[in-house]
Structure formats: structure tokens, C-alpha cells
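The values are calculated or read from the model by the stated rules, or taken from the named source; none is laboratory data. Values in this document were obtained by computation on a predicted structure and should not be read as measured data. Using ideal geometry, Cβ is built from the backbone for each residue, glycine included, and neighbour counts are taken over all protein chains shown. Quick note on the areas: whole protein, heavy atoms, side chains included, nothing else; ligands and nucleic acids left out. Shrake-Rupley method; radii C 1.70, N 1.55, O 1.52, S 1.80 Å.
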Amino acid sequence: METIGSPDAVLICDDTGFLKKGTKSAGVQRQYSGTAGRTENCQIGTFLAYASARGRALIDRELYLPASWTDDRDRCRAAGIGDEIRFATKNEHFRQMLQRAVDAGVPFAWVTADEAYGQVKHTRFWLEQRGIAHVMATKVNDTVITTRWSEKRVDELIAALPRQRWKRLSGGPGAHGERVYDWARVAIRPCWEDGFGHWVLARRSVSDPTEIAYYVCYGPASSRLKDLVKVAAARWAVEECFQTAKGECGLDHYQVRLYRAWYRHITLSMAALAYLTAVRAQEATKGATHRTSKTSYPSASRRSAG
């Protein structure tokens, strides 16, 4: 936070898989891994990432324990999982990690996550009850309360918008250049309180107009379309964190089986990523200062010539 902390930062939740063999590593089983894109024998870790204009890093983590584990206390004890540790969904991990960030005074303005988290209405309600602004991806058939007190699917709301409501905007640079999409939003909920508003946001592919992603948003009533777009696009920062942490910090390079050992290894890898992020931010600041000083103060020969 000392190097990349910012009041306009975004917190991002996502999970990643760690492919494993055997049945003894804590939390391992055949389950869907977004990393592999299929069901594999793996462990799943839920992570909270922090992203600001100065950098991004992973700041919290939880190991997901399927019910097949928590229902078998002998198996848990063999893997070092205490009897006090009970089953928790990934959404519960998300809320726990976010609450820890709030309690620690981590500065941020928005929260975002993919559909696995955003489609859970009680998670969105939990965020709203705490005044936490968010842009959460959701499923195409999710329903919301409109400004007229009716319940409607998000895709139906967006489909009813006139063509001129769509704006072509960039979500920022990606691996293959600017991530340009068509974006639109529609206000929802009849009552806006405490200066906060509610919207459904949609992102449409430029090359394939049938490819549309949906988000449910809650934030300052003064939020512009491009503000919501910026938050939605920030979700990709967590993918970049995973890629860097696994490629350069050994996040997935371990052979441990015990529950506590997993946390030790993952935490050390996260610390290494945080260190690299801090150094990069400090060097960028030095470079900017150097460029500014060269621009602001002409050389002695130029001064004398003047």
C-alpha cells in the first residue's frame, strides 16, 4: 500500500487452479479449474487482488475445501486441517477477504469480480449494505428490479436500449493492444439512497454483436459510463497477477500436501510478487522524476545562452 496504494484503486476477486496428482493434498479433488478450462484433479485457491494506476498485486488468499473434505474430519486431520475449519463457498471467501481489507484500512474505490461471484445476489447485497461500490459480472438471465418496480432479466433490459445508447470505448491496453468494446448501461432500482445509484452495464463485442457480457453495478450516482467501464476492465489485472506470480514467483511450483504448508508457500509467493510490484512502482516514480527534472531545468549552457 505504501507504493501502489490509491483511494481510486480496485479490489478484484478471482480463483485459480493448481493441478495436482493423488488424493492427499489439502482440498484436492476432481473439480472445474478455470486455469485448465476443464475438470481436473486440482486444488482451488481464491484470491483478492489490488490494482491501481501504479501497479497490481495479490493481497489475500484462501484455499477452497470442497464439502467432500470438510465432511470427512479424519481426512482433514491427516492434511493438517483443524476441526474448527468448516466448509465455506468461494463467495464466502470473497466476503471474508474483502472484510479483512476493509478492517486493515486498505484504500480502494471499487470492487469487481467475474460471473461466479457477481451472479450471487446476497453477495451483491452484502456489498451494498456496507456501501462498497462494485461492478460485478453476472449471468445473462440474472434478474434485477427496474425503476418501475418490476423484475426483469438483464439481457431484456439491454436489448430494449436504442442504438445510440451504445458507446465504443477502450477498457485499456491488453496483450494484443487496446481492448475496445461497445458499452451501454441502463439505470435500475426505483430508489437511490445516500448518493449512490444502480445500473446494469453491458459489454458487446465489436466483431460479434451477439457476444454480450452483463454486469450489475452500484456506485456514486455521479458515476459516468466510462467510470463503470474502467472498473469492469480492471478485472483483467488479477489474471495478470496470476500469470506473473506463477511465471516469476513460483505460485504454483510446490509439492506440499498439508493445509498450513499451502498457505506458507502461497503467502511467500505473494510476498515476492508484492516486492517486485513495489520495486517496479518505485523505479517508475524515479524515472518520472528524472524526466521531469530534465524538462523543468535547462542545462547551464542553455541558461547562459538565454
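Data for the structure
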| quantity | calculated |
| --- | --- |
| Flag if ARG75 is within 25 Å of ALA137 (Cβ to Cβ), open to solvent by 60 Å² or more (accessible area, probe 1.4 Å), not in a loop (DSSP other than H, G, I, E, B) and not acidic (Asp, Glu) | no |
| Test: residue in region 210-231 that is surrounded by 14 or more Cβ atoms within 10 Å (Cβ to Cβ), assigned to a helix (DSSP H, G or I) and among the β-branched types (Val, Ile, Thr) | yes |
| Residue match in region 154-170 (condition: open to solvent by 50 Å² or more (accessible area, probe 1.4 Å), among the polar types (S, T, N, Q) and modelled with pLDDT of 95 or more) | yes |
| Failed criterion for SER25 (all others in (1) on the phi > 0 side of the Ramachandran plot; (2) modelled with pLDDT of 95 or more hold) | (1) |
| Residues that are among the aliphatic types (A, V, I, L, M) and at pLDDT below 95, drawn from region 28-48 | ALA36 |
| Single residue of region 103-126 satisfying the filter (within 17 Å of PHE196 (Cα to Cα) and buried (at least 20 other Cβ atoms within 10 Å of the Cβ)) that is nearest to the chain's Cα centre (by Cα) | THR112 |
| Residue among ARG257, ARG185, ARG179, ARG203 that alone is surrounded by 15 or more Cβ atoms within 10 Å (Cβ to Cβ), in contact with a Ser or Thr (Cβ under 8 Å, 6 or more places away or on another chain) and more than 30 Å from ASP74 (Cβ to Cβ) | ARG179 |
| Sole residue being of a type in the set (Lys, Arg) and within 20 Å of the chain's Cα centre (by Cα), chosen from ARG95, ARG77, ARG38 | ARG95 |
| Residues (within 14 Å of the chain's Cα centre (by Cα) and polar (S, T, N, Q)) located in region 127-145 | THR138 |
| Any hit, region 54-64, residues being within 25 Å of GLY250 (Cα to Cα), surrounded by 16 or more Cβ atoms within 10 Å (Cβ to Cβ) and either among the β-branched types (Val, Ile, Thr) or over 22 Å from the mean Cα position of the chain (by Cα) (or both) | yes |
